[in-house]
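What follows draws every value from the coordinates through simple rules; no lab data is involved. What you see is a predicted model, and the numbers here were worked out from it, not measured in a lab. Reconstructed Cβ throughout: ideal geometry from the backbone, glycine too, with neighbour counts over all protein chains shown.
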Amino acid sequence: MVGAKTFHTIDEYILQFPEEVQEILKTVRNVIKAAAPEASEKISYQMPTFAIHGNLVHFAAYKNHIGFYPTPSGILAFEDALSDYKRSKGAVQFPLNKPIPYDVISEIVTFRVKENIKKAEAKAKKK
């Protein structure tokens, strides 16, 4: 991330990057919107974030990769599809010098939407 600038919108966040990275970030954003049209957008942890019944996914640009943060369950459920990428418990890195797997991002977002809705419904039943 660049400096200690505070971002208030995803548009502000995207605009700080070079044009080719902006295009990737815009596409990631559109893929997420298409997979989760009812999700709201916000900045959380100074990263673009989509939320529905809590945080869904975050994403961010770095010098050499796009970081995608679908929580540990999102990484675990798509371990095979993400096996070519550097990943940790709750994050995956998509190198900027390789094609971004937008289809996998879409599938993970769809999975996370279902997961968050299920959690919200379970929570509502307990009340």
- If you keep only loop residues by DSSP, which GluC sites (Glu not before Pro) in region 17-84 have at most 16 other Cβ atoms within 10 Å of their Cβ? Glu38, Glu79
- Query: Cβ under 15 Å from Lys125's Cβ, Lys125 left aside: what net charge do those residues give with Lys, Arg +1 and Asp, Glu -1?
  - Reply: +4
- Message: Need one number: nm distance between label points at Lys118 and Glu19, each 7 Å from Cα along Cα→Cβ, rounded to one decimal.
- Response: 4.4
- Query: In region 67-112, which trypsin sites (Lys or Arg not before Pro) fall in coil by DSSP and have 12 or fewer other Cβ atoms within 10 Å?
  - Reply: Lys89
- Item | Pairs from Lys26/Lys98; Lys33/Lys114; Lys63/Lys98; Lys26/Lys63 whose Cα-Cα separation, in the structure shown, is over 20 Å | none
- Work out from phi, with θ = phi - 60° and the Karplus expression 6.51 cos²θ - 1.76 cosθ + 1.60, the ³J(HN,Hα) of each residue of region 57-71, listed in order in whole Hz, and give x for Gly and Pro. 8, 10, 8, 7, 9, 10, 4, 10, 7, 9, x, 10, 10, x, 6
- Show that you can apply the helix-only estimate: for the chain, add -39,500 (n - 2.57) for every DSSP H stretch of four or more residues, divide by all residues, and state [θ] at 222 nm to the nearest 500. -14000 deg cm²/dmol
